[in-house]
Amino acid sequence: MNKVTFDRGEMEERIVDIYVSADTLRDGETSIKREETVDTAPNNGPGDQHSVHVQWWRRPSGVAAVCLGLLCVLLLAGIIGLSVYYGVIGHHNSTERNQLQTSNNNLTKERDQLQTSYNTLTKERDQLQTSYNTLTKERDQLQTSYNTLTKERDQLQTSYNTLTKERDQLTNCKQTCPEGWQKFESSWYFLSTETKTWKESREDCLKRGAHLVIINSDKEQEFLFKLKKRVWIGLTDSVSEGTWKWVDGTPLTTPRYWNDNQPDSGDPSGEEDCVEIHKDWIFPLKAWNDMPCYWKLNWICEKVV
């Protein structure tokens, strides 16, 4: 409560009370208890009256009250604004959080589905790889079998062609070969039924229009060995010791048919200048032996077709 006193003559004391309550400040309103006009004369004459109008807002306490009220209003407005703002933000954040949670759940589900698909595809890939490896192995085995069969077929075809050729040669030989001759590949062969020296055997072949056999291949050597006779062949070093030549003058180029430790010139005379095929030795390609030319053996003549 504030008091204003006026002392002038019989001036009466008037009191102007201004009440400001805390509730009024919280509501943002200021209550003015009373605003009075003070009369200085009891008769209230026209010339004796003075009007005093008290303006409460010009007083320091009034201004403070108003500022406090305005501050409270602003504070309340700020609190309400912040509540609304954070309420909206909270709702927005809650909505975003729910959306993010939903997105996370969806992504997790998709990830699990992709992982399942990946595992399935990996398993199928492994199965296909196993099947591929199995088929590749089977293909290689079939290719090997095919190659083997092809090789066997070619060998059989070669044998068939050889047999056919020999059959035809034998057929022709029956019509054209002299009696006692045999056909082998491209030559006719005559195996004697009597024995003579190497020189006499050579002369007999010449009379027959042939020569003592000249061996040019393993097949021919095996063919002659299978006749199972000790026979003279057309090989000698009688012209130059140690230089073996065929009866047609060509030098020996296939020395591998000698038996082990041959030629040896083992005769006491030291003259083993003529060559035989020995029937009692084991290996057909190791059957040559040098002998003295005066020995009498069977012989083989050869006539090239």
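The values are calculated or read from the model by the stated rules, or taken from the named source; none is laboratory data. Keep in mind that what you see is a predicted model, and the values were worked out from it rather than measured. Because the Cβ atoms are built from the backbone with ideal geometry, glycine has one as well, and the counts that use them run over all protein chains shown. All accessible areas refer to the heavy atoms of the entire protein, side chains included, with ligands and DNA or RNA removed. Shrake-Rupley method; radii C 1.70, N 1.55, O 1.52, S 1.80 Å.
Taking only the alpha-carbon atoms of segment 107-235, what semi-axes of the equivalent ellipsoid follow from 5 times the gyration tensor eigenvalues under a square root, in whole Å, largest first? Please list the in-between numbers first.
On the way: eigenvalues 1069, 46, 15 Å².
After diagonalising the Cα gyration tensor, the semi-axes are 73, 15, 9 Å.
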(message) Given R₀ = 30 Å, what would the calculated FRET efficiency be for Ile282 paired with Thr254, taking r from the Cβ atoms and rounding to 0.05?
(response) 0.95
(request) Compute, for Trp244, the solvent-accessible surface of its heavy atoms (probe 1.4 Å) with the complete set of protein chains present, and express it in square angstrom to the nearest 10. (result) 30 Å²
(request) Determine the equivalent ellipsoid of segment 233-305 by diagonalising the alpha-carbon gyration tensor, then write out the semi-axes as square roots of 5 times the eigenvalues, largest first, rounded to whole Å. (result) 18, 16, 13
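Which semi-axis lengths, in whole Å and largest first, follow from the square roots of five times the eigenvalues of the Cα gyration tensor of segment 102-170? Please list the in-between numbers first.
Details: eigenvalues 834, 8, 3 Å².
Result for segment 102-170: semi-axes of 65, 6, 4 Å.
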(request) Work out how much length Glu124 to Tyr146 would gain on full extension: take 0.36 nm times their residue separation and subtract the Cα-Cα distance, in nm to one decimal. (result) 4.7 nm
(message) Please list, ordered by chain and number, the residues whose modelled amide H lies under 5 Å from the amide H of Val275; skip anything fewer than 5 residues away on the same chain.
(response) Ile233, Leu235, Met291
(message) Which lysines, if any, have their Cα less than 20 Å from the Cα of Lys229, not counting same-chain residues under 8 positions apart?
(response) Lys183, Lys196, Lys199, Lys219, Lys279, Lys286, Lys296, Lys303
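Run through every distinct alpha carbon pair of segment 171-305 and return the Kirkwood hydrodynamic radius in angstroms, one decimal place. Don't skip to the answer; put the middle values down first.
Numbers: mean 1/r = 0.0667 Å⁻¹.
Kirkwood hydrodynamic radius for segment 171-305: 15.0 Å.
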